[in-house]
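Notes for the one structure printed next.
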Amino acid sequence: MTEPDPAVQGGTAAELGSPRTSVALQGAAGIAGARRAADAFLTRARTEHGVSVSQRAWDLTRLVVSELVTNAHKYAPGPALMDLRLHGGTVEVAVWDSGPELPIARAADAGRVGQHGLEIVMAVAQGFEARREPVGKRIIVRLPLEDEPHDFTRPRRLG
């Protein structure tokens, strides 16, 4: 896979309404590329747009990107697309893949090895949405850019 240059793919705030970037991802190499794209996007948001991004938001964005792109690679054939944008004090991570099945969070089980990614994503998300697309599905997660108290008992649905 040719690694995308996320700095080139995003537009200016005036062109797009808010900072955003889109990256096409293919295979296992796409997971590391997605994390690099998230880092570049958040760096650009700070330096070019003066957006405050807490270290917690940065770390959680990398975590969510890793989990969503890993799941897309693991459970759906073909490429995946990742969109990042700033929206109302949040960073929105959206991952599309060609798999038609919506993910289902499993009941918490401390004895289960693996398959905790969606549980983790939903626990840290300010908003979570999984929706079918004409082809495949899109998972959208919103994370606050600033540290704030969060009710970890239930993610809020987007919409």
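Since every read-out is calculated from the coordinates, none of them should be taken as a lab result. Since the structure is predicted, the reported quantities are computational estimates derived from the model, not experimental observations. Neighbour counts are summed over all protein chains in view; Cβ atoms, including those assigned to glycine, are modelled from backbone coordinates with ideal geometry.
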| said: For Cα pairs less than 8 Å apart in space and 6+ apart in sequence, what is the mean separation divided by the residue count of the range 32-143, i.e. the relative contact order in percent? | reply: 24
| field | Length gained when the stretch His116-Arg46 is fully extended (0.36 nm per residue, less Cα-Cα span) | value | 22.1 nm
| Taking H as built 1.01 Å from N, whose amide H comes closer than 5 Å to the amide H of Gly99, not counting residues under 5 places away? | Lys137
| note | Arg56 and Ala28 label points (each 7 Å along its Cα→Cβ direction) are spaced in nm at 3.4
| remark: Sorted by chain and then number, the residues having a modelled amide H within less than 5 Å of the amide H of Thr90, at least 5 places away or on another chain, are Leu145
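If you keep only loop residues by DSSP, which GluC sites (Glu not before Pro) in the range 54-128 have at most 16 other Cβ atoms within 10 Å of their Cβ? Kindly include the intermediate steps, with their values, before the conclusion.
Working: sites: Glu67, Glu92, Glu101, Glu119; in loops: Glu101.
Answer in residue order: Glu101.
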